[in-house]
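Please read the structure below before turning to the comments.
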Amino acid sequence: MAHLSRRAILAAPLLLPLAAQAQTQTPYPSRPVRVIVPYPAGGGTDTWGRLAVEGMQPELGGTVIIDNRGGGNGIIGTEAVAKAEPDGHQLLFTITSHIQVPVVMRRFTYDPIKDFAPIGRLSYTALAFCVGPKVPAEVTTLQQFVEWSKGKDLSLGNYAAGSHGHAFAVLLAREAKLKAVNIAYRGESPMLQDMLGGSIDGGFHSMAAAGAMVRDGKIRALAVAATRQRIASLPNVPTMLELGYSDYFGFTSFSGLFAPAKTPQPIVDKLAAAFKVAANKPTIQERLIGMDTVPAYLPPAEFKAEVERSLKQWTEIVEALDLRMDG
């Protein structure tokens, strides 16, 4: 018995590499992949995320599910992925607010760089400043809106505190000398509903979410931001830069996919390969363009550099303008 025990002890170390090898050979994905979108269904982020998932699913050979977890200005869903098991079965599809919200709200419950492994950038998009039925129909330009607003108490919505929409609304009020209250929503869809219902005067929207309502005449687009060029489907609507507003309105955006940090490299590589195929599919690019979103695929390393650049630039903007929000 003693002899057998000694042999067992000597053989035990040999079993460890075999166990590790068996673990690495477990097929991925081994169960449904859950892609968290940190905003409610119906907004631009949700729309882009669903397009990416649609294109990736055949490449991964398994089920990929969108999980909308709105709340906390995107922090709740993002934090869930930061803390998730890094096995590739829980991912994050998000937008520029990934780096914006923590800076503006002074809440770094996650590190937007160190806690995530970038998989790829899908696109970027401009934002349109839109007004609803609360604003008289004869107001069809931003200049007219500014004149109409003088002396009034305005309510401007934003799809997340600390986002492009929040910052641009604050900047517009400041530079046009308007008296406005900013109202933060849990995403674009509820904000659009309030705009249609006449609860707020206006706000900045992605055309992915608001485009159909603009084309149907339910809301009006008066200017575009987060771009230096006009939106293709709105050739007569000028940019904020054209109208003489500050260069801050040219700060661009991104949408893309992330995995938790420490996700094994073979899994990151497989996700990145599937995402690249999805992002470059002509049908998906056509649909992005159809919603005024610019296809702009970047692979992991370049996407990481883009996120780092955006964080640095956004921090400088926040510091320069004191765009802070507690909560």
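Between the beta carbons of residue 83 and residue 177, assuming R0 = 56 Å, the FRET efficiency works out to 0.80 to the nearest 0.05.
Geometric descriptor of segment 127-250, per residue, is 90 Å³ (volume of the convex hull of the Cα atoms). The spread of Cα positions in segment 51-191, taken along each principal axis and listed from longest to shortest, comes to 56, 33, 21 Å. Using all pairs of distinct alpha-carbon atoms, the Kirkwood hydrodynamic radius of segment 205-257 works out to 11.9 angstrom. Within the chain, helices built from complete DSSP H runs that reach 15 Å or longer along their own axis (Cα positions) and carry a mean Kyte-Doolittle hydropathy of -1.0 or higher are 2-24, 44-60, 164-176, 265-279, 300-321. Straightening the chain between residue 269 and residue 150 buys 37.4 nm, computed as 0.36 nm per residue apart minus the Cα-Cα spacing.
Counting only DSSP beta bridges with both residues in the chain, the antiparallel share comes to about 60 percent. Centre-to-centre separation between the Cα atoms of segment 132-203 and those of segment 274-293: 31 Å. Kindly provide log₁₀ I(q)/I(0) values, in the same order as q = 0.11 Å⁻¹, from the Debye equation applied to equal alpha-carbon scatterers of the chain. Relative scattering, expressed as log10 I(q)/I(0), comes to -0.68.
Every number in this text was worked out from the coordinates using simple rules, so none of it is lab data. Quick caveat: nothing in here was measured; it's all calculated off a predicted structure. All Cβ positions, even for glycine, are placed from backbone atoms using ideal geometry, and neighbour counts span all protein chains on display.
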